[in-house]
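Step one of this worksheet: look at the structure below.
No value in this document is a laboratory result; all are computed from the given coordinates. No experiment lies behind these values; they were computed from the predicted model shown. When we count neighbours, we look across all protein chains shown, and the Cβ atoms used for this are built from the backbone with ideal geometry, even at glycine.
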Amino acid sequence: MNRLRGATWRRTATIAVVVVCVGYAPIAMTELWPYAHRGAPAVGEWLLGRAVSPRYIADALATRIGPYGRSLAAMILHSVLGGVLMLLGPAQLLSAVRRRIRLHRALGVVFALTVYASMTGAAIYLARTAPRDAFSGPAFWIVLATILVGTVLSVTFGILAAVGNRPDLHQRWMLLCYGYLMTAPLLRLEWGALPVLLPGLSMADVNRVAVMHLGSVVAFGALLASRAMDKRDTAPGVRGTWVPMPVLAAAHVVGASALVWIVKSFLGWGATGQRLLAAYLIPFLATYLIMFVCQRRAGQSGRSWAREEWRLHLVALCLAPLFSAAAGLFFERSMGLDRGTALAAGIAIGCGMLAFAATTMVSLRLMFGREVLKRERLTTTARPERGPARVG
């Protein structure tokens with residue numbers, strides 16, 4: 001029954017991801033056409049204008065003409081190739097699930113090259129746009145830059161894992177890469193949903209609310225996909241744990257202290273602070289509870305590798321508030337931002353960057369286990385065999 005239920009959830013999640021990606025592809029490809037040719041069709045703008053209001057769209061896009069115009073060719077390259085990636089992602093996932101190895105490798109090469117080209121366009125835009133001129137301000141610029149770096153590094157590490165014949169690591173890095181890419185369609189969904197839940201907000205305000213949790217949501221989705229595809233109870237050479245109870249307890253104490261400080265800071269900023277705090281805290285606590293329960297159940301059922309991976313990510317999640325607080329102080333002093341904007345930027349990138357760090361630790365854990373097995377084999381091979389004693 002549990003296996004059947006798990007298979008149903010995996011199938012449902014796969015279908016949902018495919019529908020979102022395929023539906024967003026034409027939106028991404030046509031999003032910037034009106035900036036190049038006035039009156040050109042833009043599917044996303046048309047849909048959003050009917051879901052919310054034309055005024056909501058007009059007010060949001062009026063301030064984008066100048067910043068986008070300075071990097072229009074690069075932005076169009078980024079958006080069109082972003083739509084292509086939305087189609088390549090599901091194709092890659094389905095080819096991997098169905099064991100179409102040659103097709104998967106060919107699509108993988110196209111996917112990686114498209115990621116690099118698309119992110120090059122985004123990098124040109126960010127380099128030519130001051131943080132204060134970015135949509136929704138400096139915090140959004142920092143989030144975009146962080147997603148860009150995380151996406152490029154993830155696909156690079158995924159390629160290296162594939163070349164090194166480590167499909168388990170390749171799978172995790174590529175899922176994390178696609179998780180970062182999924183921030184684009186999910187943000188567009190929130191552009192349509194949040195004005196219904198929070199009437200009166202501009203699109204810039206919606207962006208500030210959305211980035212409070214998008215990094216946490218996509219990174220957690222990548223982890224769920226990794227765990228669903230890795231059905232091993234144990235991993236080769238992985239013994240014991242890198243996260244004993246004292247380490248896990250210390251991470252909880254440190255993370256809780258930083259989280260209390262963040263809550264107090266946001267509560268001091270009135271209604272805006274409370275709105276941002278709720279957007280951050282609710283998904284964070286939900287993610288924490290699921291991770292905690294999953295690592296506990298894995299330990300009780302004797303699935304040591306599943307427990308280890310859950311625990312590594314749980315520690316990273318616990319430390320995310322500390323990282324966010326430190327990053328907020330850094331942005332405040334280095335970029336001259338006000339404390340609220342700086343802390344919001346730190347929170348927006350905290351969970352996503354710590355998930356990247358956790359995936360790195362998972363990769364090192366698996367690689368270390370592989371080296372342990374190699375050393376054991378070498379020791380066994382080099383050990384001289386004892387033969388019968390000679391009679392003098």
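Does R132 count as part of a helix (DSSP H, G or I), over 22 Å from S79 (Cβ atoms) and either under 12 Å from the mean Cα position of the chain (by Cα) or of a type in the set (S, T, Y) (or both)? No, not satisfied. Annotation for region 281-288: no member residue is assigned to a helix (DSSP H, G or I), free of Cβ contacts under 8 Å to residues at least 40 places away in the same chain, in contact with a Lys or Arg (Cβ under 9 Å, 6 or more places away or on another chain) and surrounded by fewer than 24 Cβ atoms within 10 Å (Cβ to Cβ).
Report yes if D233 is over 27 Å from V19 (Cα atoms) and over 12 Å from the mean Cα position of the chain (by Cα), otherwise no. For D233, the condition - over 27 Å from V19 (Cα atoms) and over 12 Å from the mean Cα position of the chain (by Cα) - is met.
Return the residue satisfying two criteria in turn: it lies in region 150-200 and is among the small types (G, A, S) and more than 12 Å from the chain's Cα centre (by Cα), and of such residues it is surrounded by the fewest Cβ atoms within 10 Å (Cβ to Cβ). Here the answer is G200. The listed residues are P90, P34, and the only one of them that is more than 18 Å from L187 (Cβ to Cβ), touching a Cys at 6+ places or on another chain (Cβ under 6 Å), in a helix (DSSP H, G or I) and not acidic (D, E) turns out to be P90. Return the pair list, or none, for Cβ contacts closer than 6 Å from residues in region 172-200 that are under 21 Å from M29 (Cβ atoms) to residues that are aromatic (F, W, Y), at least 6 apart or on different chains. Going by the 6 Å Cβ cut-off, the qualifying pairs are P185/Y24.
Restricting attention to region 59-83, the residues that are surrounded by fewer than 19 Cβ atoms within 10 Å (Cβ to Cβ) and more than 17 Å from E45 (Cα to Cα) add up to 6. Here is the figure for region 19-31: residues that are touching a Gly at 6+ places or on another chain (Cβ under 8 Å) and either in a helix (DSSP H, G or I) or aromatic (F, W, Y) (or both) total 8.
Scanning region 33-62 for residues that are closer than 17 Å to L197 by Cα and of a type in the set (G, A, S) yields G49, A51, S53. Is it the case that R239 is touching a helix residue (DSSP H, G or I) at 6+ places or on another chain (Cβ under 6 Å), touching a residue at least 24 places away in the same chain (Cβ under 8 Å), surrounded by fewer than 16 Cβ atoms within 10 Å (Cβ to Cβ) and among the charged types (D, E, K, R)? In short, no. In region 34-52, the residues that are at positive phi never reach a residue that is among the aromatic types (F, W, Y) and surrounded by fewer than 17 Cβ atoms within 10 Å (Cβ to Cβ) with C-beta atoms less than 9 angstrom apart, at least six apart or across chains. Regarding V218, is this residue aliphatic (A, V, I, L, M), in contact (Cβ under 8 Å) with a residue 24 or more places away in the chain and under 17 Å from A348 (Cα atoms)? Taking the combined requirement at face value, the residue satisfies it.
Residue count for region 104-122 under the criterion of being aliphatic (A, V, I, L, M), surrounded by fewer than 17 Cβ atoms within 10 Å (Cβ to Cβ) and touching a residue at least 12 places away in the same chain (Cβ under 8 Å): the result is 2. Annotation note: Cβ proximity below 8 Å between a residue of region 63-80 that is touching a residue at least 60 places away in the same chain (Cβ under 8 Å) and a residue that is in a helix (DSSP H, G or I) and surrounded by fewer than 19 Cβ atoms within 10 Å (Cβ to Cβ) (sequence gap 6+ or interchain) occurs for R64/Y35; G66/D133; P67/D133. Scanning region 235-284 for residues that are of a type in the set (K, R) and farther than 30 Å from L169 by Cα yields a count of 2. Within region 40-74, restricting attention to residues that are among the basic types (K, R) and over 28 Å from the mean Cα position of the chain (by Cα), the residue that is farthest from D205 (Cα to Cα) is R70.
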